[in-house]
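Engineer: Here it is, the structure, as structure tokens.
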Amino acid sequence: EIYHGWSLEEEGAFPDNSYGFMKAMNEAYQYGTLTKVQTKNLLGKLMKPEIVQVGLSLGLAYENTWSCDNGNEVQCGECGACWLRQKAFLDLGMEDLAQFQKKLVAEEVKVNRKQKSIEDLFARLNVG
């Protein structure tokens, strides 16, 4: 199984981050692999701030993760992936501790500070 982590926001913006694409790939894998590989996405029902919240509840060290679409030594902070990531942290009232060439600050964006309970988020993921 291959797990990927596109979010609800990304499905509308990137055709290859949709359940339709994942379904088509899984059908192609049935013909193109001997082991019948399947792709799955546990996070596709969540918005980016909710994904960050889940990761934090599990102890994920986000400062050691990479989201940037550009191939720089340091994450750019301006591409769509960097912007969504940093905004997710701001929506949670937190700073993203990862290094970025350009840090997003709350004054630059409309911040939405509505947190869900972690129990609700795990229930939406169908995991305990």
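Engineer: Step by step: first the residues of the range 71-83, then only those that are open to solvent by 90 Å² or more (accessible area, probe 1.4 Å) and assigned to a loop (DSSP other than H, G, I, E, B), then the one that is nearest to Val54 (Cα to Cα). Which residue is that? If you could, list the steps in order and put the result at the bottom.
Structural biologist: Taking the range 71-83 and keeping what is open to solvent by 90 Å² or more (accessible area, probe 1.4 Å), we get 73, 78, 83.
Within this subset, residues satisfying the condition of being assigned to a loop (DSSP other than H, G, I, E, B) are 73, 78.
Details: Glu73: 27, Glu78: 24 Å.
The selected residue is Glu78.
Engineer: Can I ask one more? Starting from the range 99-112, keep only residues that are open to solvent by 80 Å² or more (accessible area, probe 1.4 Å), then list their pairs with residues that are of a type outside the set (D, E, K, R) and at pLDDT 80 or above whose Cβ atoms are within a distance under 8 Å, requiring at least 6 positions of separation or different chains.
Structural biologist: Partner pairs satisfying both residue conditions: Gln99/Val74; Gln99/Gln75; Gln101/Asn72; Gln101/Val74; Gln101/Gln75; Gln101/Cys76; Gln101/Gly77.
Engineer: Name every residue in the range 84-128 that is modelled with pLDDT under 90, in a helix (DSSP H, G or I) and out of contact with any helix residue (DSSP H, G or I) (no Cβ under 6 Å at 6 or more places or on another chain), in order of residue number.
Structural biologist: Glu107, Glu108, Glu119, Asp120, Phe122, Ala123, Arg124, Leu125, listed by residue number.
Engineer: Let me ask you something else. I want to confirm something. Restricting to the range 53-70 and keeping residues that are hydroxyl-bearing (Ser, Thr, Tyr) and in a helix (DSSP H, G or I), which single residue is most open to solvent (accessible area, probe 1.4 Å)? Steps first, answer last, please.
Structural biologist: Taking the range 53-70 and keeping what is hydroxyl-bearing (Ser, Thr, Tyr), we get 57, 62, 65, 67.
Subsequent filtering for residues that are in a helix (DSSP H, G or I) retains 57, 62.
Values: Ser57: 65, Tyr62: 29 Å².
Residue satisfying both the conditions and the ranking: Ser57.
Engineer: I'd like to check something: does the range 29-52 contain any residue that is open to solvent by 50 Å² or more (accessible area, probe 1.4 Å) and among the acidic types (Asp, Glu)?
Structural biologist: no
Engineer: Any idea which residue in the range 12-28 is nearest to the chain's Cα centre (by Cα), counting only those that are under 21 Å from Val52 (Cα atoms) and open to solvent by less than 60 Å² (accessible area, probe 1.4 Å)?
Structural biologist: Checking each candidate, the answer is Asn17.
The values are calculated or read from the model by the stated rules, or taken from the named source; none is laboratory data. Keep in mind that what you see is a predicted model, and the values were worked out from it rather than measured. Cβ atoms come from the backbone with ideal geometry, glycine included; neighbour counts cover every protein chain shown. Remember, those area values only see protein heavy atoms, side chains included, never the ligands or the DNA or RNA. Shrake-Rupley method; radii C 1.70, N 1.55, O 1.52, S 1.80 Å.
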